[in-house]
Amino acid sequence: MIDLVKIGFIIAAIIVLIRLKVPLSITLIASSIVLGFLFHLPVAAMRAAIFRGLLDAEALKLVIALELVLLFSAIMKERGSMTRAISALSQVFRDARVTVAIIPAVIGLLPVVGGAMLSAPLVAEASDELSLSPERRTFLNFWFRHVWEYTLPTFPAVFLTAGIVGIPIADLVLVNLPLTAASILAGVAFGFKGVRPFTSTHAPLTPRGTGKPLLSFVWNLLPFFLVILLTLCFEIHLVYSLALVTAGTVLLCRIPPARLGPLVRKNLSFELAFLIWGIMLFKEILTASSAMDSIAAELSRMGMPTAVLVALIPAVIGFITGYTTAFVGLSFPVILPLLPTDGSSAYYVMLALASGIGAHMLSPMHACYVMTLEYYQAGMGKTYRLLLPPALLTFFTGVAVFLAAMWLAG
């Protein structure tokens, strides 16, 4: 129980520092150090965790990739590609709200850490006519970026869970479909609540006439789609895909060094870099302290009903770490012995994913969330008020499906 209290103290401290408007990067770095001391991490182990968090190859790649996203987006915006692409899409989907939801959902097919930053500038461009607050833009970009996480086989929540539990991916996708449906509906219902529609002034299109604007949309955003193609289909790391496409765009568009230099200086973000390092540092110290293993063991010893434990353990780990791979990798080996051996086990797994993904969507450690907050300069408290209802609705959809399955099973 003492480890749960320690983690509770850390979470409370993070919330207080955020409310006091301390930069999130500083909050996470400070919380990481305090976490190490609370769990009596030896100095040598803490030093090693700090070096891993700051100098790990994946962390450095992510930082560079995010800076490249900012530069890449700035180049695309300056060329007018974004404006032309959004204008073309608005000819197909007459309501600007549809355009705003579709953009992060499409780019959300790319399962990479921090992928919401690819869609953030496009959502900003597409939502200008809707006069949305920074918090609502943050919610829409972040939420619709993750609606596929429950069912897309390329996401860790699906393929990693299937591998650990031993359930066929097709079966897991099938039982999780109500979660994705609920996530989309909740995003629409809560994300656009009170937002007046902005209808395009273009003449109505016939089914045949949609081809030209769709082609224009794809053509103007071709560099974005090339990044997705290289990363998803050719399995090239996001940082290399971005570097290749950004360099190609600069060369093909003949952007002179005199113009490129100011773009780099204007769009470079040290705060985002430190934010990523803060998240990585917290994750490394959390892993080195074995805090999650201890907490999972404490929860499993409390004698709670199996369904409660199956929902609670992934939720706790998902909220604290903010990483899908972390809550799946840490929680499912613990709850696996608790699962029934009959066909109902898939619904227990679905319940665990509903709670774990829902909690990680609300986590202040979630990279996509904190980076989108920073990009739009949104308030975390106001954004949470938008995020909580759809997150709860999606989770309780999972609960309803689980209870229905248990009732039908007798």
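Each value in this text was obtained by applying a stated rule to the coordinates, not by laboratory testing. None of these values were measured; they are calculated from a predicted model. Cβ atoms come from the backbone with ideal geometry, glycine included; neighbour counts cover every protein chain shown.
Backbone phi angles across the range 57-64, fed through the Karplus curve with coefficients 6.51, -1.76 and 1.60 (θ = phi - 60°), yield HN-Hα couplings of 4, 5, 5, 5, 4, 5, 4, 5 Hz in residue order; Gly and Pro are listed as x.
In loop segments of the range 1-88 as defined by DSSP, the trypsin sites (Lys or Arg not before Pro) with at most 12 further C-beta atoms inside 10 Å of their C-beta are K21.
Quick one: dipole size for the chain, taken about the Cα centre, charges +1 on Lys/Arg Cβ and -1 on Asp/Glu Cβ, in debye to the nearest 20.
On the way: 26 positive and 19 negative charges, 252 e Å.
Roughly 1220 debye for the chain.
Remark: the range 348-359, residue by residue, has Karplus-estimated 3J(HN,Hα) of 5, 5, 4, 4, 5, 5, 4, 6, x, 5, x, 5 Hz, where x stands for each Gly or Pro and the curve is 6.51 cos²θ - 1.76 cosθ + 1.60 at θ = phi - 60°. What's the angle, to the nearest 10 degrees (0 to 90), between helix 81-92's Cα axis and the longest principal axis of the chain? The angle comes out near 90 degrees.
Please report the net charge: other residues with Cβ closer than 12 Å to the Cβ of S133, K and R +1, D and E -1.
Numbers: positive: R136, R137, K382, R385; negative: E135.
Cβ neighbours under 12 Å give a net charge of +3.
Placing +1 on the Cβ of every Lys and Arg and -1 on the Cβ of every Asp and Glu, with nothing else charged, gives the range 1-154 a dipole about its Cα centre of roughly 140 debye. Here is how the number arises for the chain: DSSP H runs of 4 or more residues each give -39500 (n - 2.57), the sum is divided by the residue count, and the result at 222 nm is -24500 deg cm²/dmol. Net charge of the neighbourhood of P256, taken over other residues with C-beta under 14 Å away and scored Lys/Arg +1, Asp/Glu -1, is +2. Between 0 and 90 degrees, the angle of helix 169-191 with respect to the longest Cα principal axis of the chain falls at about 60 degrees. Candidates T324, S363, N141 compared by Cα position along the dipole of the chain: farthest toward the positive end lies N141, with charges placed on Cβ. Compute the acute angle (0 to 90°) between the alpha-carbon long axis of helix 380-409 and the principal axis of greatest extent of the alpha-carbon atoms of the chain; round to the nearest 10°. Here the helix axis deviates by roughly 60 degrees. Overall, the anisotropy analysis places the chain in the oblate class: the square-rooted eigenvalues a ≥ b ≥ c of its C-alpha gyration tensor yield a/c not less than 1.5, with a/b not exceeding b/c.
Taking a threshold of 24 Å on the Cα-Cα distance, which of the pairs K193/K266; K21/K382; K77/K212 fall above it?
Details: K193/K266 34 Å; K21/K382 13 Å; K77/K212 21 Å.
Over 24 Å Cα-Cα: K193/K266.
Rounded to the nearest Hz, the phi-derived 3J(HN,Hα) couplings of the range 238-246 under the Karplus curve 6.51 cos²θ - 1.76 cosθ + 1.60 (θ = phi - 60°) are 3, 5, 6, 4, 5, 4, 5, 5, 5, where x marks glycine and proline. With a Förster radius of 41 Å applied to the C-beta separation of A400 and L268, the computed FRET efficiency comes to 0.30.
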